[in-house]
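*Asks:* The following block contains the structure, expressed as structure tokens.
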Amino acid sequence: MQGANDELKRKFAGVFGERAQGGAAGKVHVVRAPGRVNLIGEHTDYNDGFVFPMAIELEVRVACRGREDARVRLSSTAYPKDVVEFSLSEKIAAGKPEWANYSKGVAAELLAAGIPLVGMDALVDNTLPIGGGLSSSAAIEVGTGLALLKLAGLDMDRDRLALLCQKAEHEYAGAPVGIMDQTIVASAKAGHAMLLDCRDKTKRFVPLDEKELRVVIANSMVKHEISGGEYAKRRKECEEGVAYFRKLNPEVRALRDVTLAEVMAAKGKLPDVVWRRCHHVVTENKRTLEAAMKLEQKGYEEVGALMLQSHGSLRDDYEVSAPELDFLVAESMKVKGVYGARMTGGGFGGCIVALVQPRAAENLAKHLSETYPKKFGKKPEVFATTATQGASVLE
């Protein structure tokens, strides 16, 4: 870890110089923010439902140093020629390059919340695949937020920071995301998955026994884009469903409040596409609560079966899967020692997640690396991970 920090600080000095503005020898701090994978509970978060994510080993690191003026300069190891500059004392506007909008939005939201920030030079280093559905955006947001707070000599409740980062993604990246990504990135517990109630933000941490389980992620290398129209369209279809059920029961605030019996009774009365969206969300909430309970009891086969049901529902009812994801899930189930697999993230590309016995992780990676290129002409990125700690200031 220290070697990675030293290398990042060396790159930071290459972009921003060895010494701080005005010649002072300001300390360079390093912040880590992990990516995340959602084990089950997809497209439930913006419906006030339940999700079951964990933080992963792939991450964003931010090297940062304070400035005496109110300027922020941002660079990224992925775009080494870009240095984006803006002032904390003027209105912060989204613009090009798009990768900087996540950090700009967080600075703007912290200022709007009355947090007295100081200027910053920051270099972002990201080992997460962009558009892979592993929450690189939330990791950048939370990492930037922690960096700005550290330099200002301040701390913030992690739930509050997550909400500010979510608002930044809405306002500055145009992605109407739920609260899951920012919450798990900010508040994850090593060795545990988090059952999060997206309505009241309560969390229950469920242990993942490293000796008995590995989580394997396979990136289809098909980039997904949640700021595109399909994600917003699904939200609108869910809202249409809520409006229907609210007429029957004024207590309904979100699909979270609708029972499976009520959904089944609405078949033929709602437009078919809206009914299927509602059916997915209501059944997915049920699967998520059951999966958390079964994982606690070490009922790995049952958790795996629920993951497969989730994938089928995302494919057929919610229509957010892709042929590449369906193939990866089907092929995963051919490998001995794999309990279950499903697409994870917003869909239309990105990754699948599989729950496997530790000895099966290598076989699964090998199998997918051999079969996927033959079908789709591209090599998937496959890696095993453990559940890691949430974002923190490393030094």
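None of the figures in this text is laboratory data; all of them are computed from the coordinates on show. Quantities reported herein were computed from a predicted structural model and do not represent experimental measurements. Virtual Cβ from ideal backbone geometry, glycine too; neighbours counted across all protein chains shown.
*Asks:* Explain nothing, just compute: Karplus ³J(HN,Hα) = 6.51 cos²θ - 1.76 cosθ + 1.60, θ = phi - 60°, for every residue of region 72-87 in order, whole Hz, x for Gly and Pro.
*Replies:* Result, rounded to whole Hz: 10, 10, 10, 9, 9, 5, 6, 10, x, 7, 8, 10, 9, 10, 8, 10.
*Asks:* Rounded to whole Å and ordered largest first, report the semi-axes of the equivalent ellipsoid of region 208-385 derived from its Cα gyration tensor (root of 5λ).
*Replies:* Calculated on Cα positions only, the semi-axes equal 32, 20, 12 Å.
*Asks:* In nm, to one decimal, how far is the Lys211 label point from the Gln297 one, both placed 7 Å along Cα→Cβ?
*Replies:* Modelled inter-label distance: 2.2 nm.
*Asks:* Ok, one more. Just check region 313-395 against the gyration tensor rule for me: Cα atoms, a ≥ b ≥ c as the square roots of the eigenvalues, rounded for a/c under 1.5, and otherwise prolate or oblate depending on whether a/b exceeds b/c.
*Replies:* Oblate, because a/c is 1.5 or more while a/b does not exceed b/c.
*Asks:* If the chain were replaced by its equivalent ellipsoid, with semi-axes equal to the square roots of 5 times the Cα gyration tensor eigenvalues, what would those be, largest first, whole Å?
*Replies:* Ellipsoid half-lengths, sorted descending, are 36, 25, 18 Å.
*Asks:* Another question about this same structure. Ranking request for peptides 272-281, 114-123, 3-12: highest mean number of other beta-carbon atoms within 10 Å first, then the rest in descending order.
*Replies:* Per-residue mean Cβ counts within 10 Å order the peptides as 272-281, 114-123, 3-12.
*Asks:* Relative to the longest principal axis of the C-alpha atoms of the chain, give the angle of the C-alpha long axis of helix 361-376, reported between 0 and 90° and rounded to the nearest 10°.
*Replies:* Approximately 80 degrees, to the nearest ten.
*Asks:* Show the residues, 5+ positions off or on another chain, whose built amide H is closer than 5 Å to the amide H of Tyr339.
*Replies:* Leu355, Val356, Gln357
*Asks:* Within a 10 angstrom radius of the beta carbon, how do Lys27, Lys374 rank from fewest other beta carbons to most?
*Replies:* Neighbour counts put them in this order, fewest first: Lys374, Lys27.
*Asks:* Could I ask something else about it? Amide H to amide H under 5 Å from Ile40: which residues, 5+ apart in sequence or cross-chain, H placed 1.01 Å off N in plane?
*Replies:* Placed amide hydrogens put Phe52 under 5 Å from Ile40.
*Asks:* Right, here's the next one. Mind listing the phi-derived Karplus ³J(HN,Hα) values for region 297-302, rounded to whole Hz, using 6.51, -1.76 and 1.60 with θ = phi - 60°, and x for any glycine or proline?
*Replies:* In residue order, the calculated couplings are 8, 6, x, 5, 4, 5 Hz.
*Asks:* Moving on. With each label point set 7 Å from Cα along the Cα-Cβ vector, what nm distance links Leu394 and Lys334?
*Replies:* Output for this residue pair reads 3.9 nm.
*Asks:* Express in nm, to one decimal, how much length is gained between Glu381 and Ala261 on full extension, taking 0.36 nm for each residue of separation and deducting their alpha carbon distance.
*Replies:* Roughly 39.1 nm would be gained on extension.
*Asks:* Same structure, new question: What is the magnitude of the charge dipole of the chain about its Cα centre, with +1 placed on the Cβ of each Lys and Arg, -1 on the Cβ of each Asp and Glu, and no other charges, expressed in debye to the nearest 20?
*Replies:* Using only the charged Cβ atoms, the result is roughly 280 debye.
*Asks:* Can you list residues whose amide H is under 5 Å from Ala190's amide H, if they're 5+ apart or on another chain and H is modeled 1.01 Å from N?
*Replies:* HN-HN under 5 Å from Ala190: Gln389, Gly390.
*Asks:* Another question, then. Using mean Cβ contacts within 10 Å as the protection proxy, how do 162-168, 196-202 order, highest first?
*Replies:* Top to bottom by mean Cβ count within 10 Å: 162-168, 196-202.
*Asks:* Sticking with this structure for a sec: As an exercise, find the ratio Rg/Rh for region 2-206 from alpha-carbon atoms, using the Kirkwood inverse-distance average for Rh.
*Replies:* 0.96
*Asks:* Can you return the lysines within cross-link range of Lys81? Criterion is Cα-Cα under 29 Å, with same-chain partners fewer than 8 residues away left out.
*Replies:* Lys9, Lys11, Lys27, Lys91, Lys96, Lys104, Lys150, Lys167, Lys223, Lys378, Lys379
*Asks:* Enumerate the calculated ³J(HN,Hα) couplings along region 44-58 in order (Karplus 6.51 cos²θ - 1.76 cosθ + 1.60, θ = phi - 60°), each rounded to whole Hz, writing x wherever the residue is Gly or Pro.
*Replies:* 9, 5, 7, 10, 6, x, 10, 9, 9, x, 9, 7, 10, 6, 5
*Asks:* Another question, then. How much length is gained on full extension from Asp69 to Gln2, taking 0.36 nm per residue of separation minus their Cα-Cα distance?
*Replies:* Gain on stretching Asp69 to Gln2: 21.1 nm.
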